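The values are calculated or read from the model by the stated rules, or taken from the named source; none is laboratory data. What you are looking at is a predicted structure, and each value in this text was computed from that prediction instead of being measured. Cβ atoms come from the backbone with ideal geometry, glycine included; neighbour counts cover every protein chain shown. Side chains are part of the model used for accessible areas, which takes the heavy atoms of the whole protein and leaves out ligands, DNA and RNA. Shrake-Rupley method; radii C 1.70, N 1.55, O 1.52, S 1.80 Å.
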Amino acid sequence: AGGGMNPPITAAAALAMFCDPESIFIWKAGPFAIGEHVYAANGHWVVRLNPPAGHQYPQADPEWLPTPKAPGMFTDAAARPWSDDTVAMAGMALPPAATCPKCKGTGTILWVDCDTCGGRGCIECGEAGGWVSDNMGEALPCFSCDGGVDDNWKGVNVGCNRFSMKYLRELKAIPGCTFDPGHDQDVGRFRFPLAEGGEAVGMLMPRARD
């Protein structure tokens, strides 16, 4: 039979998705365990699931703030009924990613330091320290976008809260993901099935403003 939903995400892939490997903070850079659960977070969202078989994760150190709060956050969230605004992410209408006009979707720019000030900023360069070039200079991450996408950090209203487009798009891509925006200034909650069985649950911070 054709069609149907894509197969569930694996536990290992889910944990990798919610981390920030480039972070200098241990609790953001990779999954960590507290008790019987394993968590992954980047400061904007956090996911919790049962550790997949054959994988071991470091126990969180109490000094890795704010990781000691994680179990209590999930306990508090579980006590809150899922709201009437709960949606299946597959059905959420989100615009296609907008290409950054500065880097043309590459996520990188060619930067040339100002000859007058050596990159420190002056009248000649408008205090920018240099300028973007089309054909020469040092390749740097584009400072105008997020990996070539121009609108990832725009806010989207879901229920009575507002969340970053970037994270809603990523949740939408997870097969079977359900999202509850909560009540005013609540954290959003989500859950999705895992390929190994069971489900992952998580929380997403709302945006205060754009």
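Scanning segment 193-201 finds no residues that are out of contact with any helix residue (DSSP H, G or I) (no Cβ under 7 Å at 6 or more places or on another chain) and closer than 20 Å to Ala93 by Cβ.
Quick check on this structure: which one of Gly130, Gly137 is surrounded by 15 or more Cβ atoms within 10 Å (Cβ to Cβ), over 19 Å from the mean Cα position of the chain (by Cα) and in contact (Cβ under 8 Å) with a residue 24 or more places away in the chain? Only one candidate passes the filter, namely Gly137. When restricted to residues that are among the aromatic types (Phe, Trp, Tyr) and assigned to a loop (DSSP other than H, G, I, E, B), segment 102-156 contains 2. Please work out if Cys19 is closer than 30 Å to Asp184 by Cβ, open to solvent by less than 40 Å² (accessible area, probe 1.4 Å), touching a strand residue (DSSP E or B) at 6+ places or on another chain (Cβ under 8 Å) and outside any helix (DSSP H, G or I). Judged against the criteria, Cys19 is a match. The set of residues in segment 1-56 that are hydroxyl-bearing (Ser, Thr, Tyr) and either in contact with a Cys (Cβ under 8 Å, 6 or more places away or on another chain) or touching a residue at least 24 places away in the same chain (Cβ under 8 Å) (or both) comprises Thr10, Tyr39. Look at segment 80-107: where a residue is in contact (Cβ under 8 Å) with a residue 40 or more places away in the chain and on the phi > 0 side of the Ramachandran plot and a partner is open to solvent by 70 Å² or more (accessible area, probe 1.4 Å) and not in a loop (DSSP other than H, G, I, E, B), sitting 6+ places away or on another chain with Cβ atoms under 8 Å, you get Gly105/Thr99; Gly107/Pro141. Quick one: is Arg48 surrounded by 12 or more Cβ atoms within 10 Å (Cβ to Cβ), among the charged types (D, E, K, R) and modelled with pLDDT under 90? Taking the combined requirement at face value, the residue does not satisfy it. Among residues of segment 73-87 being surrounded by 15 or more Cβ atoms within 10 Å (Cβ to Cβ) and polar (S, T, N, Q), the one that is farthest from Phe143 (Cα to Cα) is Ser83.
Of the residues making up segment 159-174, those that are surrounded by 15 or more Cβ atoms within 10 Å (Cβ to Cβ) and within 23 Å of Ala14 (Cα to Cα) are Phe163, Ser164, Met165, Lys166, Tyr167, Leu168, Arg169, Glu170, Leu171, Lys172, Ile174. In the set Ala77, Ala90, Ala53, only one residue is over 16 Å from the mean Cα position of the chain (by Cα), assigned to a helix (DSSP H, G or I) and within 18 Å of Leu194 (Cα to Cα); that residue is Ala90. List the number of the failed condition for Pro95; all other conditions in (1) surrounded by 15 or more Cβ atoms within 10 Å (Cβ to Cβ); (2) part of a loop (DSSP other than H, G, I, E, B); (3) under 19 Å from the mean Cα position of the chain (by Cα) hold. Among (1) surrounded by 15 or more Cβ atoms within 10 Å (Cβ to Cβ); (2) part of a loop (DSSP other than H, G, I, E, B); (3) under 19 Å from the mean Cα position of the chain (by Cα), Pro95 violates only (1). Of all residues in segment 177-195, none satisfies being more than 23 Å from the chain's Cα centre (by Cα), over 21 Å from Ala16 (Cα atoms) and in a strand (DSSP E or B). Residues considered: Ala40, Ala90. Of these, the only one that is open to solvent by 50 Å² or more (accessible area, probe 1.4 Å) and at pLDDT 90 or above is Ala90. Taking the criterion of being open to solvent by 80 Å² or more (accessible area, probe 1.4 Å) and of a type in the set (A, V, I, L, M), the only residue of segment 108-127 that qualifies is Ile123.
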